[in-house]
Amino acid sequence: MTAGAATATATATATAAATAAAATAAAAAAAATPVAGTRLPPGSVAWLVAHELRLAWRDGNRPGRALRIAATLFLLAFPVVGGTALAWRLRDLDTLPPGSIGLIAAGWYGLLFLLLSAASMHVLRVFHDRGDLDLLLAAPLPPARVLAAKAVAVQIA
């Protein structure tokens, strides 16, 4: 092989390597660039939470939405009205009757466990109802990030 041919081969190899490196760098830059119209990097917890909230908003447009809103408003107003009525009724008492603190504490603990079990059931139902958990866990994202995003979306929605 002549010196000119060796130089041409080396130059072609170097050019191909530089082109491949530039293509790899461009692909990496494109992957790191956020999707047009969003400011959140794809695959981040915030991006996943925003996506879950978007899906929850779409699910909220189903029939029966007005009934759900009315039921939520009732459930929010009931403790306020009931608590105000109870406070008005007990306003003249100087002290609580003996033994009432234990009953109140037992009632709060019962409500706490009831709410925890209902929240656990709701989270499990949300994780499995949409049927996308297998797909999300197979994605090239850490499973902890996916589960954290779904849990945050459940809390917000």
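Here, each number is a calculation from the coordinates, and none is a lab measurement. The structure displayed is predicted, hence computed values, not measured ones. Neighbour counts are summed over all protein chains in view; Cβ atoms, including those assigned to glycine, are modelled from backbone coordinates with ideal geometry.
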Q) How large is ³J(HN,Hα), in whole Hz, for each residue of segment 95-108 in order, when computed from phi with the Karplus curve 6.51 cos²θ - 1.76 cosθ + 1.60 and θ = phi - 60°, using x for Gly and Pro? A) 9, 6, x, x, x, 6, 4, x, 5, 5, 5, 5, x, 5
(Q) Test of the criteria: in segment 48-119, which trypsin sites (Lys or Arg not before Pro) are in a DSSP loop and have at most 11 other Cβ atoms within 10 angstrom of their Cβ? (A) ARG91
Q | Packing-based ranking, highest mean first, of 92-98, 39-45, 118-124 given that Cβ atoms within 10 Å are counted | A | 39-45, 118-124, 92-98
